[in-house]
Amino acid sequence: MTRSDHGERHRTERIGWLRAAVLGANDGIVSTASLIVGVAAASGRRDEIVVAGVAGMVAGAMSMAAGEFVSVSSQLDTERADVGREREELATQPEFEMQELAAIYVGRGLTPELAAQVAVQLMAHDALAAHSRDELGLSEAVGARPVQAAVTSAATFLAGAALPLVTAFGTPSRYVVPVVAATSLLWLTALGALSARTGGAHVLRASARVAFWGALAMGLTAGVGWLFGTLA
C-alpha cells in the first residue's frame, strides 16, 4: 500500500487488491460449497464429494487467476494506449492540450485566469502526469496490476474453497448438505463484514448481500443435485 504525498492513507489505494481478494474468497466459498452441496444431494458418497470439491477448488483457482490476469491486462493495455496518445498530442499540439487542461479546471470551479495558471504550472512540472490524472482519470493508486490481481484472486479462492472442503471432509455424509450450507453462509457473512470494514462500506448491507447470493447459489445446486440423484 502506498501513502499519498501528504501522509494520509486512503481506501482507494486498496481497490486493486481488495476487489480481487473479496472476489476470490467469495467465489471460492460459494462455488466449492455449492458444488459439494450439489454432489452430496445427488449421491451422498464421501469419495465423490471430496473429489468434486478438490477438483472444483483447483480448477476454480486457476480460472480466477487466468480471468483476472486477462481482464486486468486488457484494462492496462487500454490505459497505456490512452497515455501513449496523450504523450503524442502533448508533443504535437501542446497549446491545445494546455487549453484542454485549463478547461477541465474551469469545469471544476476555478476562474479561467486561475485555471490557466494552474495548467501552465502543472504542465511545466509534468505534463503527461497532469493529463493522465485530470483528463484520463488515471493514478498510481487505482492503476491496473494484472499479476497482483491474478495472484490475489487465486490465493484467496484457495483459502475460501478450503473452508467448505474441510468441513465436508470432517462431516458424516448424511449431514454434509446442511452443515456445509450453514457454515458457508456464516463465512460469507463474515467475509462481507470484513471487506466492508476494510473498504469503509456499510457492514450490514455488504454482509446481507454476500449471504443472499451464496444461499441462492447453494439452494439451486442442491435442487439440481437432488433432481439428478432422484432421476439416476
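Once you put a point 7 Å from the Cα of R205 and another 7 Å from the Cα of R108, both along the Cβ direction, what distance in nm separates them?
2.6
When only Cα pairs under 8 Å and 6 or more residues apart are kept, what is the percent relative contact order across the chain?
40
On a full-extension model of 0.36 nm per residue, what is the gain between V120 and V50, subtracting their alpha-carbon distance, rounded to one decimal in nm?
The V120-V50 span can extend by a further 18.7 nm.
Treat each spin label as a single point 7 Å out from the Cα along the C-beta direction, and report the L136 to L186 distance in nm.
Label-label distance for L136 and L186, simple model: 4.8 nm.
Per the 1.4 Å probe, what fraction of the accessible area of the chain, in percent, lies on carbon and sulfur atoms?
For the chain, the apolar C and S fraction of the accessible surface comes to 66 percent.
Tell me, in nm to one decimal, what length is gained between A162 and M62 on full extension, where the rule is 0.36 nm per residue of separation less the Cα-Cα distance?
That works out to 34.5 nm of additional length.
Find how many whole Å separate the alpha carbon centroid of the stretch 33-64 from the alpha carbon centroid of the stretch 170-213.
18
Quote the Stokes-Einstein diffusion coefficient, in whole µm² s⁻¹, for the chain, based on the Kirkwood radius over alpha carbon pairs, a temperature of 10 °C and a viscosity of 1.306 mPa s.
Using the Kirkwood radius from Cα pairs, D works out to 77 µm²/s.
Averaging over all projection directions, find the projected area of the Cα convex hull of the stretch 144-232 and quote it in nm² with one decimal place.
7.5
In 10 Å bins starting at zero, report the fraction of Cα pairs in the stretch 68-107 per bin as a rounded %.
28, 33, 26, 13
Give me the distance in nm between label points sitting 7 Å out from Cα along the Cα-to-Cβ direction at E79 and Q148, one decimal.
In this crude spin-label approximation the distance works out to 0.8 nm.
Could you give the angle, 0 to 90 degrees to the nearest 10, between helix 176-199's Cα long axis and the longest principal axis of the Cα atoms of the chain?
Between helix and principal axis, roughly 20 degrees.
Which residue fluctuates most in the GNM of the chain (Cα springs below 10 Å): A21, A127, A162?
Residue with maximal mean-square fluctuation among A21, A127, A162: A127.
The values are calculated or read from the model by the stated rules, or taken from the named source; none is laboratory data. Just so it is clear, the structure is predicted and the values come from calculations on it, not from any experiment. Note that each Cβ is placed from the backbone with ideal geometry, even for glycine, and that neighbours are counted across all protein chains shown. Protein only, heavy atoms only, side chains kept; ligands, DNA and RNA dropped before computing areas. Shrake-Rupley method; radii C 1.70, N 1.55, O 1.52, S 1.80 Å.
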